[in-house]
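The values are calculated or read from the model by the stated rules, or taken from the named source; none is laboratory data. Note that this is a predicted model, so its numbers are computed, not measured. Note that we place each Cβ from the backbone using ideal geometry, even for glycine, and neighbour counts take in every protein chain shown. Just so you know, the surface numbers come from the protein's heavy atoms only, side chains and all, with ligands and any DNA or RNA stripped out. Shrake-Rupley method; radii C 1.70, N 1.55, O 1.52, S 1.80 Å.
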Amino acid sequence: MISIITGGAGFIGFNLTKKLLNIGNKVIILDNFSNSNKDKICSIKNENIEVIFCDLSNYEQTYGVFESIKNQLDKNVEIWHLAANSDIESGVNNIDIDYRDTFMSTYNLLKISKEFQIDSFLFASSSAVYGNHGDKNISEDTGPLMPISNYGAMKLASEAICFSAFESFLKFLRIFRFPNVVGIPATHGVVKDLITKLLINPNELDVLGNGSQAKSYLHVDDLIDGMIHLSKEKNNVENPIFNLGNNNDYVNVKWIAEEIVKVVSPKAKIKFGKDNKGWIGDIPKFKYNTDKAKLSGWKPKMDSKESIEKAISEVYNQLN
């Protein structure tokens, strides 16, 4: 199997790459290295990995890359599309970023997939597409979908163009809606951000928001297992969208901050903000229903608390 991973040098892409290599796939990484670690992905010593610079928002450049590898693109090819803007705040400040790096990367990649007759497409979407549903238990058929960030909006637009391609030429489609994913190598996220702040100032930890934000967290090891499992379920389903996460399980940011202080700087004082959101586009609370993925035979090994606890130890070691 040839697995093309866009954004393969990022946090999730790096872990997916290792897993696919371990099961014997040939992996081709396409990445512009804007929010990723080129050295980390290039440190993988395996004859079945190839790393290529590619700006997916540039159609001509992307087409040229596929033209250069077309001799490898037999009928046993799949695309894992993980490339996107991962910095939600930058997308708030400049709407062009999510349009370019999230939607246009998907649009161009699907256009090229049709041109090169690649009909298996697996897309990394997000729980951000749902918007703010408060205490509602969110499942794949929850609606209306009203994302409140440019990031979520362009993920939803990308899902839409995926469905159009599924009707036209794709034979296999999976759309994975991620919750908050933690683990290493961390590039962003609440665990990395708070540990970094404490390493800079071990006396005080400033937390965005009042700490009441309550969300579901999934460790990257469980996420990758779920994605691989569902990629092997080749029977098409009426709705190829799958929530991946812990079922109706969440922890609040106050608890996360307290756990990080215990590990990194026990004497530090925690200073919370006043709002129930950490930033514009932040969803202060959501509960995730993952029954559909579990019915396929997958379930995470760690709940949200265990995922965070493991990630704190991992990220602290990574940064310290």
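Relative to the longest principal axis of the Cα atoms of the chain, helix 190-200 runs at roughly 50 degrees. Between the Cα long axis of helix 220-232 and the first principal axis of the chain there is an angle of about 30°, rounded to the nearest 10.
Quick check on my link table: of 18/111; 26/294; 136/215, which ones sit more than 21 Å apart, alpha carbon to alpha carbon? Those over the limit are 18/111; 26/294.
The eigenvalues of the Cα gyration tensor, multiplied by 5 and square-rooted, give the chain an equivalent ellipsoid with semi-axes of 32, 22, 19 Å from largest to smallest. The mean of 1/r over all pairs of different alpha-carbon atoms in segment 34-182, once inverted, gives a Kirkwood hydrodynamic radius of 16.6 Å.
Here, segment 189-313 is characterised by an Rg to Rh ratio of 1.06, where Rg is the alpha-carbon radius of gyration and Rh the Kirkwood radius.
Filter the trypsin sites (Lys or Arg not before Pro) in segment 1-69 down to the DSSP loop ones having no more than 11 other Cβ atoms within 10 Å, then list what survives. Loop-located and lightly packed - 45. By the rule of a C-alpha distance below 19 Å, with chain neighbours fewer than 8 residues away ignored, the aspartates and glutamates paired with residue 38 are 47, 50, 55, 87, 101. Exposed loop positions in the chain were taken to be GluC sites (Glu not before Pro) whose DSSP state is not H, G, I, E or B and which have at most 13 other beta-carbon atoms within 10 angstrom. Between these positions, the longest stretch is 48-237. Taking a straight Cα-Cα cut-off under 15 Å and skipping sequence neighbours fewer than 8 places away in the same chain, the aspartates and glutamates within cross-link reach of residue 269 are 204, 206, 258, 259. Accessible surface of segment 189-320, 1.4 Å probe: 49 percent of it comes from carbon and sulfur atoms.
With 21 Å as the limit on Cα-Cα distance, the pairs of 192/271; 192/267; 75/171; 197/285 that go past it are 197/285.
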